[in-house]
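Some notes on the structure that comes next.
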Amino acid sequence: NAGVTQTPKFQVLKTGQSMTLQCAQDMNHNSMYWYRQDPGMGLRLIYYSASEGTTDKGEVPNGYNVSRLNKREFSLRLESAAPSQTSVYFCASSAPGSGSYEQYFGPGTRLTVT
Amino acid sequence: SQKIEQNSEALNIQEGKTATLTCNYTNYSPAYLQWYRQDPGRGPVFLLLIRENEKEKRKERLKVTFDTTLKQSLFHITASQPADSATYLCAPTPWSNTDKLIFGTGTRLQVFP
C-alpha cells in the first residue's frame, strides 16, 4: 500500500497564478484532510471531508477550495495564489467511523508564492 | 478559544535518559489526545492515542499520561536514542467534533550520544 500520496512535491508560483494540489489514499478511509504548516504556527486545518461528496471548512479556509472527487482523492485548489499561502501543505486521511481516529499523512507539498 | 501549548524550546537530552514532553490545553475537554512524531521534511506519523477515561498508555519505550484535572498530557520516551530525535506534536481532540484534530506547535527533541 502506498498510503497517502501527494503531488507535486515542490511548486513555485507567481502571485495570482492558480494551481491544484492532488492527494490520494489507498486505505479506504472515509475522512480526508488538508493542512498547512508554517513555522511557529503548527499544523492548521484548511478543509476536511468526512465522506465522499461532503466537505467542510477548517480553521483557515480563505483563499482555498477543495473537491472530494471520490473516496480516494481529495484535491486542494488555490485560485489566485498569494505570498501568504507560501507554506508546506499536508494531506491526511483517517477512518473515525470505524473507531480509528489516528490520521495518516502524506509527504507534503512545499509551495512558494513569489 | 481553544488553546494548546507545547514547549517551543528544543529539549536536549543525553542518550539513555528519559525524555518528557508536555502538552497543556485550555478552554475545552478533549475526548482523546494523540501524539505524533514529525521528522524534518516529512509528514507527521501517529504514535499513540489516549482516551479521556484512561490515565496512562504505553507502547514499547513510549508512555503517555492524561490528566484531565490539570488539562495536561505528558509524553515519555525511556532509554532515549539519537534516532528518537524529531519534533513531537500533541493533538487533543474536542468532543464537539472528533473528526478534526487540533495540533499543538510541537516540541523538538534532540538526543545526543
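Values quoted throughout were computed directly from the atomic coordinates according to the rules given, and no laboratory measurement underlies them. Keep in mind it's a predicted model, so treat the numbers as computed, not measured. Positions of Cβ are generated from backbone atoms using ideal geometry, with glycine treated the same way; all protein chains shown enter the neighbour counts.
Points worth noting:
- All of A:Leu13, A:Leu45 fail the test of being within 22 Å of B:Gly41 (Cα to Cα) and free of Cβ contacts under 8 Å to residues at least 24 places away in the same chain, apart from A:Leu45.
- Note on segment B:21-86: enclosed strands (runs of 3 or more DSSP E) holding 2 or more residues that are of a type in the set (Lys, Arg) and free of Cβ contacts under 8 Å to residues at least 12 places away in the same chain are B:56-59.
- Condition check for A:Gly63: of a type in the set (Gly, Ala, Ser) and out of contact with any helix residue (DSSP H, G or I) (no Cβ under 8 Å at 6 or more places or on another chain): no
- The residues of segment B:93-113 that are under 19 Å from B:Ile77 (Cα atoms) and of a type outside the set (S, T, N, Q), listed by number, are B:Gly104, B:Gly106, B:Arg108, B:Leu109, B:Val111, B:Phe112, B:Pro113.
- A:Ser80 being crowded, with 16+ Cβ neighbours inside 10 Å and either aromatic (Phe, Trp, Tyr) or outside any helix (DSSP H, G or I) (or both): no
- The listed residues are A:Ser75, A:Ser93, and the only one of them that is within 24 Å of B:Leu89 (Cβ to Cβ), part of a strand (DSSP E or B) and among the polar types (S, T, N, Q) turns out to be A:Ser93.
- Residues of segment A:14-60 that are over 25 Å from B:Asn97 (Cα atoms) and surrounded by fewer than 19 Cβ atoms within 10 Å (Cβ to Cβ): A:Lys14, A:Thr15, A:Gly16, A:Gln17, A:Ser18, A:Met19, A:Thr20, A:Gln22, A:Pro39.
- Within the option set A:Ser93, A:Ser87, being within 14 Å of another protein chain (Cβ to nearest Cβ), surrounded by 20 or more Cβ atoms within 10 Å (Cβ to Cβ) and either more than 22 Å from A:Ala2 (Cβ to Cβ) or touching a Ser or Thr at 6+ places or on another chain (Cβ under 6 Å) (or both) holds for one residue only, A:Ser87.
- In segment B:88-113, the residue that is nearest to the other protein chains (Cβ to nearest Cβ) out of those that are surrounded by fewer than 18 Cβ atoms within 10 Å (Cβ to Cβ) and hydroxyl-bearing (Ser, Thr, Tyr) is B:Thr98.
- So A:Asp56, is it more than 14 Å from chain B (Cβ to nearest Cβ) and of a type in the set (Asp, Glu): no
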